Amino acid sequence: MGPDYGNNILQALVGSGANGASGICLEVRASSGILLAAGNLFGGATCATSPATLTINKAGCGSAASCGGVCDLGMTGLGNDIDVATCVHP
């Protein structure tokens, strides 16, 4: 990891003030590209220092039941992605 990775808190733990939508929302037309968001903090996962699997809503930017009520990531548009290295998402 580089010394200048994000280290931004983008989603809090459930019950600790998590926002009502995804920590990062990528809502663009299909095949727009990849949003670089490496090294940030999502619900207790510190992606700057250790790998973890983040939750994602691929149907929009709101939190969804498929994420356990709070999504780390949300996006629309096929062919897009969010790079959250060293973490991953399904």
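Each value in this text was obtained by applying a stated rule to the coordinates, not by laboratory testing. Here the structure is a predicted model, which means the values were calculated and not measured. Note that each Cβ is placed from the backbone with ideal geometry, even for glycine, and that neighbours are counted across all protein chains shown.
Annotations
- Shape annotation for the chain: C-alpha extents along the principal axes are 32, 30, 17 Å, from largest to smallest.
- Modelled label reach - Leu13, point 7 Å along Cα→Cβ, region 32-50 residues with backbone N closer than 20 Å: 40-50
- For a label point 7 Å along the Cα-to-beta-carbon line of Ala52, residues of region 2-37 with backbone N under 19 Å: 2, 5-25, 37
- Cα centroid separation - region 1-40 against region 72-90, whole Å: 9
- Peptide packing for 46-53, 31-38, 66-73 was compared via the average number of neighbouring C-beta atoms within 10 Å per residue; ordered from the highest value, the list is 66-73, 46-53, 31-38.
- Model label zone, Glu27; criterion: amide N under 11 Å from point 7 Å along Cα-to-beta-carbon; scope region 53-71: 60-63
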